[in-house]
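To keep things clear, I will list the structure first and then write my remarks on it.
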Amino acid sequence: MSLDALIFVISAVVAVFSATMMIAQRNPVASVLYLIVSLIAQAVLYVQLGALFLGSILIIVYAGAILVLFLFVIMLLNLRGKEDLGEKSPLVNQATKFIVSILFVVELVFAVRSGFVAEGIAADAADFAGFGSVENVATLLFTRYLYPFELTSILLLAAIVGAVVMARRENRDEQQYVSVEQTPPETFKEGQG
Amino acid sequence: MVPVSAYLVVAMVLFGIGTLGVLISRNMIVMFMCVELMLNAANLALIAFSRSLGVMDGHAFVFLVLTVAAAEAAVGLAIVLAIYRNRETINIDRFNILKW
């Protein structure tokens, strides 16, 4: 087994295993940490496929920013394990989950068999110098895909406004800032409990 | 040499795990994380095809998908916060007020 294949197998196994552990965990903080491990393994796969820039973007943006946002929200919600997540689902939901899991395993078996039996093209058949570099990605983004790229700025603006509107506390009275200032002892007690 | 179909299999398995997580998870935050995982699986497939075909358009797509994922996470977590403020839980089984 060549070094290339060895790196692929290790990172693929780590990515799939941590993704499985992510959905198997009951504690959401552990889920986030497993997702970070899975993303780092996927970043290794990106780099192996020549996408150096996107691999580093994946680690910086995803593991560094988005998942920290997830962690922040989990901490903010202050979940008390059993009360929030511990109860059993209705029987119909459990049966559905069981059937879906069985179908999933069958699908996986078919996917892995059909994928690895086929002879397949080598992944880096069409390599050229500078593939996946910042310069080439930026050239594409600012020439051929300039219009979608500019549209994402509108999307981000909409997301910012939407997030602020959704997360804002709906206090209809005019005294909201005064009332917030007057309540710190209670919120402090809640945070302790 | 690693064939491109091997990367596609990994992407498909990750996408399947994400789908399974969305379907069986009861925690709304974990559901959002599974959606992120599915987006990343699609990204992996895009990059693998981009590499095997020798064109870099897939990288531009992945860049746009990352942006969409970030926007989705921001809005989704804001919705989670709003629901938690009203219902005091993020258990997905409790959000059944649209069911009759």
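Extension gain, residue A:129-residue A:158: 0.36 nm per intervening residue step, less the Cα-Cα distance, totals 6.6 nm.
For the range A:2-81, what D do you get in µm² per second when you plug the Kirkwood radius from alpha-carbon pairs into Stokes-Einstein at 25 °C and 0.890 mPa s?
Answer, rounded: 184 µm²/s.
Counting neighbouring beta carbons within 10 Å and listing from fewest to most, the residues B:37, A:151 come out as A:151, B:37. For the range B:18-70 versus the range A:1-22, the inter-centroid distance based on Cα atoms is 17 Å.
Across peptide A:92-104, the mean count of Cβ atoms from other chains lying within 10 Å of each residue's own Cβ comes to 2. Calculated [222 nm] ellipticity per residue, helices only, for chain B: -28000 deg cm²/dmol; basis is -39500 (n - 2.57) per DSSP H run with n ≥ 4, divided by all residues, nearest 500.
Only the coordinates and a few stated rules stand behind these numbers; no lab work does. Quick caveat, the model's predicted, so the values are computed rather than measured. Note that we place each Cβ from the backbone using ideal geometry, even for glycine, and neighbour counts take in every protein chain shown.
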